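Scroll down for the structure; my scribbles are underneath it.
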Amino acid sequence: MKANRGEWVKIYNIVLTSEERAPQVPDDTRKVPLESWVKGFIQSDAEIGQFVEVVTITGRRVEGELVEINPAYTHNYGKFVPELLQIGIQARSILAGGDVHE
Amino acid sequence: MSKDMSYQGLMARRNEIMKQAVGIDYSIFESGSIAFDYEKMMRETGYTLEEMQKIQGDTGVGNTPVLELKNLTALARKVAPKGKGARIFIKDEASNPSGSFKARRAANAVYHAKKLGYKGVIAATSGNYGAAVASQAAMHGLKCIIVQECYDSKGVGQPEIIEKARKCEAYGAEVVQLTVGPELFYTFLKLLEETGYFNASLYTPFGIAGVETLGYELAIQFREKIGRDPDVVVCTNAGGGNLTGTARGLIKAGAESVNVVGASVNLQGLHMASDEQFNKKSFTTGHTGFGMPFSTWPDRSDVPRSAARPLRYMDRYVTVSQGEVFYMTEILAQLEGLERGPAGNTSLAAAFSIAQELNEDQIIVVQETEYTGAGKHIQAQLSFARENGIEIRFGNPEEEVPGQNIILPNHPSLIKARDFDMDKIRKSYIKNCLEIRGIEKISDADMDFLVQETKSSYDFVKESLAERNIQL
């Protein structure tokens with residue numbers, strides 16, 4: 001996939017390698033690098049995976065690996081959780097029903 | 001000469017960068033020992049209540065409605081001992097411009113940044129505060145960068161945090177997303193140094209004072225509506241600013257007899273900086289992983305002296321489980337027609353339980369709500385938990401083990417606010433004061449400071465110090 005100059009893209013960087021991480025991080029976190037993602041307008045034509053420069057919405061120039069073109073929001077409401085249905089049904093029946101004082 | 005950009009190199013410039021980025025010289029409030037002049041800091045660097053009401057009002061922040069949750073109260077009375085079950089009210093902070101009470105903190109911080117001539121603002125936050133700062137920056141025409149801890153090392157993002165990123169970008173902000181780790185602070189400092197923008201920290205005097213309007217408003221609204229102050233106000237507690245600001249506002253309104261309760265979601269056993277555990281939790285704020293460390297050592301924040309000092313104002317501190325908060329979030333929608341939260345409903349779950357300790361003529365208030373939507377919603381959160389191997393089932397919330405399961409209460413009578421031992425928390429704070437600052441001798445000023453900081457007594461502090469062989 002190719003991004004054309006001026007397109008809105010997402011880039012990736014390793015901020016700190018595993019060795020460079022802060023002394024206080026727990027062991028499982030130390031095993032992996034600190035990574036970052038930033039979005040901006042790409043400054044040259046490039047393929048996914050290439051090292052590029054972007055200008056972010058605040059005007060910062062940032063370099064990094066091109067990972068996505070026109071990055072989309074894909075978060076949603078997830079898979080349906082049927083247990084939730086029971087909560088309202090029970091609460092309404094308690095309200096409608098008799099005394100349940102202990 | 002190029003600057004040292006290594007972790008250690010940048011951290012060594014921390015104080016210098018912060019002074020530039022906050023515009024406060026904190027050293028003038030210091031005594032050189034444990035004590036510092038908190039009230040002087042709040043007075044000289046904050047704003048008066050009237051000024052804040054004006055600043056917030058000009059951007060549509062504040063004056064949120066107070067709603068009585070009559071059906072929820074009725075449900076509590078069904079399961080409470082006879083004659084018990086206080087009236088439960090909620091302050092609908094979700095109706096602020098950015099969808100949460102954080103708009104109050106951001107309004108002041110961004111106003112202040114603009115007044116001082118900064119071109120932009122930066123905040124390190126994965127929560128509602130980011131959206132609040134971005135929204136305010138949009139209104140004031142300032143640039144805005146939000147730094148988030150968002151993904152684990154497999155690139156899986158917390159849906160709630162991804163939603164916050166979307167919201168920040170919707171307001172025109174730049175969002176820098178990171179994987180798990182406390183070095184978020186490193187990236188944050190690097191951006192402050194690079195841009196010269198204002199640090200819209202959650203913990204500055206203007207940020208915390210921004211919440212005072214909430215407590216003040218609340219007291220006034222109750223006097224108008226009911227003719228008296230509420231008995232109990234419950235605040236979801238993480239970094240401590242919500243509780244601190246609300247309590248200070250109540251005091252400014254003269255509502256000093258109100259019992260202030262902090263509530264956090266119990267995430268005991270989960271390490272907040274752990275890559276593997278990052279997506280095992282279903283709450284990114286309002287939990288004990290922030291609430292406890294920030295209560296027992298508030299000065300761990302991104303400014304030298306935090307203006308959020310919850311132990312000064314907290315009468316009681318309780319926890320609820322993740323399952324209880326999800327349950328109450330569903331109940332709020334089903335019985336009251338309000339889709340909010342879930343994180344902001346932590347105090348609601350606690351209030352439902354505490355209401356049952358109080359008489360029917362008493363009043364308990366949940367002082368905030370937050371917006372919900374894709375990523376944040378309970379469907380999204382529970383579905384994400386299930387995908388991450390968390391067992392979700394009905395049962396007794398006592399059986400919940402954070403990171404392993406989420407237990408939805410089998411019956412509303414099982415929802416219980418569980419008390420922390422306040423004296424233990426107070427002693428833990430005193431211990432941190434002594435150990436972190438390396439103190440062996442205590443002055444009279446330190447003594448008075450510790451009494452205020454822990455909302456305790458001279459005798460209590462004296463006894464705590466004696467246990468640690470500290471000389472007076």
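Since every read-out is calculated from the coordinates, none of them should be taken as a lab result. On a predicted model such as this, the values are computed, not experimentally measured, just so you know. All Cβ positions, glycine included, derive from the backbone under ideal geometry; neighbour counts span all protein chains shown.
When you count the other C-beta atoms within 10 angstrom of each residue and take the mean per peptide, B:433-439, B:176-182, B:99-105, B:354-360 line up highest first as B:99-105, B:176-182, B:354-360, B:433-439. Straight-line cross-link reach from residue B:78 at under 21 Å between alpha-carbon atoms covers these lysines, not counting any fewer than eight positions away in the same chain: B:70, B:416.
Could you give the dipole magnitude of the protein assembly as shown about its Cα centre, charging the beta-carbon of Lys and Arg +1 and that of Asp and Glu -1, in debye to the nearest 20?
Working: 64 positive and 74 negative charges, 149 e Å.
The calculation lands at about 720 debye.
Sorting check: for A:13-22, B:208-217, B:444-453, which peptide has the highest mean count of neighbouring beta carbons within 10 Å, and how do the rest follow?
Details: A:13-22: 15.6, B:208-217: 27.6, B:444-453: 17.5.
Per-residue Cβ counts within 10 Å, averaged per peptide and sorted highest first, yield B:208-217, B:444-453, A:13-22.
Would you mind checking the tilt of helix A:83-96 against the longest principal axis of the Cα atoms of chain A, expressed as 0 to 90 degrees and rounded to 10? So the inclination is approximately 30 degrees.
Residues within the reach of a label modelled at residue B:224 (point 7 angstrom out along Cα to beta-carbon, backbone nitrogen below 16 Å), restricted to the range B:236-266, are B:253.
For residue A:31, a cut-off of 18 angstrom between C-alpha atoms picks up these aspartates and glutamates, skipping any fewer than 8 places away in its own chain: A:19, A:20, B:149, B:152, B:183, B:275, B:276. Between the alpha-carbon centres of the range B:205-276 and the range B:106-153 there is a gap of 22 Å. When B:118, A:73, A:12, B:197 are sorted by how many other C-beta atoms sit within 10 angstrom of their C-beta, beginning with the fewest, the order is A:73, A:12, B:118, B:197.
All Cα-Cα distances of the range B:422-467, cut into 10 Å bins from zero to the largest, leave 28, 66, 6 percent in each bin in turn. The calculated pair-distance distribution of the range B:350-398 uses every alpha carbon pair, bins of 10 angstrom beginning at 0, and gives 19, 29, 35, 16, 1 percent. Arranged from fewest to most other beta-carbon atoms within 10 Å of their beta carbon, B:89, B:188 become B:188, B:89. Mean partner shielding of peptide A:82-89, defined as the number of other chain Cβ atoms within 10 Å of each residue Cβ, is 6. Distance between the modelled labels on residue B:256 and residue B:466, one decimal in nanometres: 2.9 nm (7 Å Cα→Cβ projection). Descending by average beta-carbon neighbour count within 10 Å, the peptides B:409-420, B:365-376, B:12-23 line up as B:365-376, B:409-420, B:12-23, the highest first.
For the cross-link pairs B:190/B:281; B:40/B:91; B:119/B:427; B:190/B:424, the ones whose C-alpha atoms lie over 32 Å apart are B:119/B:427; B:190/B:424. Normalised by the number of residues in chain B, the average gap of Cα pairs under 8 Å and 6 or more apart makes the relative contact order 18 percent.
Do you know the relative contact order of the range A:2-96, to the nearest whole percent, from alpha carbon pairs under 8 angstrom that are 6+ apart?
Working: 156 pairs, mean separation 29.0, N = 95.
With pairs under 8 Å counted, the relative contact order is 31 percent.
Counting Cβ atoms of other protein chains within 10 Å of each Cβ in B:157-168 and taking the mean gives 2.
Once you sort the root eigenvalues of the Cα gyration tensor of the range B:37-176 as a ≥ b ≥ c, which label holds: rounded (a/c under 1.5), prolate (a/b larger than b/c) or oblate (the other case)? Since a/c reaches 1.5 but b/c is at least a/b, the shape of the range B:37-176 is classed as oblate. Straight-line reach from residue A:10: taking Cα to Cα under 16 Å and skipping same-chain neighbours fewer than 8 places apart, the aspartates and glutamates in range are A:35, A:45, A:47, A:53, A:63, A:65, A:68, B:169, B:174.
Per-residue shielding of A:67-78, expressed as the average number of other chain Cβ atoms within 10 Å of the residue Cβ, stands at 5. Listing B:5, B:272 from fewest to most neighbouring C-beta atoms within 10 Å gives B:5, B:272.
Taking only complete DSSP H runs, can you tell me which helices of chain B stretch 15 Å or more along their own long axis by Cα positions and average at least 0.5 on the Kyte-Doolittle scale? Before the final figure, lay out each step's value.
Details: long enough: B:102-115 (20 Å, -1.11); B:128-140 (18 Å, 0.18); B:159-170 (16 Å, -0.78); B:184-195 (17 Å, 0.60); B:205-225 (30 Å, 0.13); B:241-252 (16 Å, -0.05); B:322-336 (20 Å, 0.19); B:422-437 (23 Å, -0.73).
Length and hydropathy pass: B:184-195.
Which net charge results when you count Lys and Arg as +1 and Asp and Glu as -1 among the other residues whose beta-carbon is under 13 Å from that of residue B:315? Charge balance near residue B:315 sits at 0.
Once the Cβ-Cβ distance between residue B:388 and residue A:72 is put in as r, and R0 is 22 Å, what FRET efficiency do you end up with, to the nearest 0.05? Numbers along the way, then the final one.
Values: r = 22 Å, r/R0 = 1.01.
Once rounded, the FRET efficiency stands at 0.50.
Quick one: Debye curve from the C-alpha atoms of the protein assembly as shown, no solvent, what's log10 I(q)/I(0) at q = 0.07, 0.13 Å⁻¹? Treating every Cα as an identical point scatterer, log10 I(q)/I(0) equals -0.40, -1.43. Taking only the C-alpha atoms of the range A:2-96, Rg followed by Dmax gives 21.7, 66 Å.
When the square roots of the Cα gyration tensor eigenvalues are ordered a ≥ b ≥ c, the ratio a/c for the range B:257-335 is 1.5 or more and a/b does not exceed b/c, which makes its shape oblate. Annotation: extensible slack from residue B:3 through residue B:432 equals 151.1 nm (criterion: 0.36 nm per residue apart, minus Cα-Cα distance).
Roughly speaking, what is the centre-to-centre gap between the range B:390-451 and the range B:329-344 when only Cα atoms are used, to the nearest Å? Going from one Cα centre to the other spans 26 Å. Shape class for chain B, computed from the alpha carbon gyration tensor (a ≥ b ≥ c): rounded, with a/c under 1.5. A simple charge model with +1 on the Cβ of Lys and Arg, -1 on the Cβ of Asp and Glu and nothing else charged puts the dipole of chain B at about 440 debye relative to its Cα centre.
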